[in-house]
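Report on one structure; see the data block that follows.
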Amino acid sequence: MICLGVETSCDETALALVGDGAVLGEKLASQERLHALFGGVVPELASREHLRKGAVLYRELLAETGTDPGRIGAVAIARGPGLLGSLLVGMNLAKGLALGLGVPLVGVNHLHAHLMAAGLERELVFPALGLLISGGHTHLYLIRSPFDFELLGRTLDDAAGEALDKAAKLVNLPYPGGKFIDRLGQGVTPDDTLFPRPYISNPGLDFSFSGLKTSVARYVAAHPHLKLPVLPDGELPDVPGLGLFCASINSAVAQTLRIKAGRALAAHPEARCLVVAGGVAANSMIRGVLTGLCEENGIEPVFPSLSLCTDNAAMIAHLGGLLAQAGYRHGMELDAVPRGRPVPLDYSRVAV
Ligand code: KG4
Ligand code: ZN
């Protein structure tokens, strides 16, 4: 079955067609440059961009893949969590397309879709431990099947990517700063005495990164030369101590993730692999540290390729296609779920 996926939960308008586990085509319009002007995502602007781009991308996707719309068997929409206005724009596009095409609509949890994205590249084995690390989320799951996710822990405040982005902003690195922290810290040995590994004294599986932000702010105040002049696009400065600063923050985040994921593996020895997804899964140090954890535990690390790590519609179409094929459906009353609220399991199910 060919499933059309629609993703508008944040600052990327994306549509994709996935058929039987293969990506047939995808279109993505990133708003990164627009929001970079403001140092973060401006929700109202994001919604307007989705509205401007959604239908155009749909027509381009059909034309470029030569797909007869009659071959589309289901429409999957990322229903949340995300920015409510942005989600609603995508939701209405998806509902209109499902109605117009006369095919089922299925709402997809954006976070679950991130973790299932690797299934487009390889077979996933279950149960799996899932670590979702993005600009908005830090979630640990036990995944028993593509339809059965148990939330084991989550961040109580900032997400891992948010912590990196805020640290980067403190020294005037461009937004979103996570990848600059990664790049500038590469090849530098971190000093693990500079920054705390936040919330590891709490024995549970939740995260809290706000303490890291405070200690980074104090460090920058004491080392003002790290604050860069605002840079022309894409240029990276050569400031003494900046590499160490970046590597040390990156290490604090990576070690914290390793400790919590290690505890989750100890509590769930039945897990057969560790799936890491979300934009921060692109981070080279975090990849290395989590690969080390998996080697220690004799399980396989699974990292989707970079284009599947960040927000995309192929992951929505993939999980949506699996759900639709298993008979899961939503009606036209389907609601978007803003960030901070749990995504309900309110499917109806038909016999297939
Ligand atoms: O999943 P994503 O594209 O968007 C959502 O938040 O849903 O993740 C974006 C986050 C940003 O915080 C960005 O700084 C971070 O991923 N990021 C990275 C890297 N590339 C992207 N963080 C660390 N290292 C990277 N290489
Ligand atoms: Zn995402």
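The values are calculated or read from the model by the stated rules, or taken from the named source; none is laboratory data. Please read these numbers as outputs of a predicted model, since none were measured by experiment. Cβ sites come from the backbone with ideal geometry, for glycine too, and all protein chains shown count toward neighbours. These accessible areas exclude ligands, DNA and RNA; they are computed on the full protein's heavy atoms, side chains included. Shrake-Rupley method; radii C 1.70, N 1.55, O 1.52, S 1.80 Å.
Here are a few things to note about the model shown:
- Estimated translational D of region 129-243 in µm²/s (Stokes, Kirkwood radius over Cα pairs; 37 °C; 0.692 mPa s): 210
- Calculated FRET efficiency for the pair ASP68/ASN202, C-beta based, R₀ 51 Å, to 0.05: 0.40
- Divide the volume of the convex hull around the Cα atoms of region 74-201 by the residue count and you get 169 Å³ per residue.
- For the chain, the carbon plus sulfur part of the accessible surface works out to 55%, probe radius 1.4 Å.
- Here the calculated FRET efficiency for SER284 and ASP238, from their Cβ-Cβ distance with R0 = 30 Å, stands at 0.90, rounded to the nearest 0.05.
- Lys pairs under 21 Å by Cα in the chain, provided they are eight or more residues apart or on distinct chains: 13
- All alpha carbon pair distances within region 172-222 were sorted into 5 Å bins beginning at 0; the resulting P(r) in whole percents reads 4, 16, 17, 28, 22, 9, 3, 0.
- Placing +1 on the Cβ of every Lys and Arg and -1 on the Cβ of every Asp and Glu, with no other charges, gives region 1-80 a dipole of roughly 200 debye about its Cα centre.
- With contacts taken as Cα pairs under 8 Å at a separation of at least 6 residues, the chain carries a relative contact order of 24 percent.
- Our compactness index for region 186-256, the C-alpha radius of gyration over the empirical 2.2 N^0.38 Å, is 1.23.
- For region 1-126, the Kirkwood estimate of the hydrodynamic radius, built from every pair of different alpha carbons, is 14.9 Å.
- Selection from GLY340, GLY292, SER305, by position along the positive dipole direction of region 265-352 (Cβ): GLY340
- Scoring 2-9, 119-126 by mean Cβ neighbours within 10 Å over their residues and listing the highest first yields 2-9, 119-126.
- Cα coordinate range in region 206-247, projected on the principal axes (Å, largest first): 37, 23, 17
- Basic side chains Lys and Arg get +1 at the Cβ, acidic Asp and Glu get -1 at the Cβ, and with that the dipole of region 156-195 about its Cα centre reaches some 240 debye.
- Surface exposure of the chain, expressed per residue as accessible area with a 1.4 Å probe, stands at 41 Å².
- About its Cα centre, region 225-344 has a charge dipole of approximately 360 debye under the convention of +1 per Lys or Arg Cβ and -1 per Asp or Glu Cβ, with nothing else charged.
- Restricting the calculation to Cα atoms, the chain yields a radius of gyration followed by a Dmax of 20.3, 65 Å.
- Ordering 177-186, 194-203 by mean Cβ neighbour count within 10 Å, with the highest value first, yields 177-186, 194-203.
- The local environment of ALA46, defined by Cβ-Cβ distances under 12 Å, has a net charge of -3 under the rule Lys, Arg +1 and Asp, Glu -1.
- CD proxy at 222 nm, helix term only [per DSSP H run n ≥ 4: -39500 (n - 2.57); per residue of the chain; nearest 500]: -12500 deg cm²/dmol
- Where labels lie 7 Å past Cα in the beta-carbon direction, separation of ARG33 and ALA222 in nm: 4.1
- Counting charges near ARG144 (Lys, Arg +1; Asp, Glu -1) among other residues having Cβ under 12 Å from its Cβ returns a value of -2.
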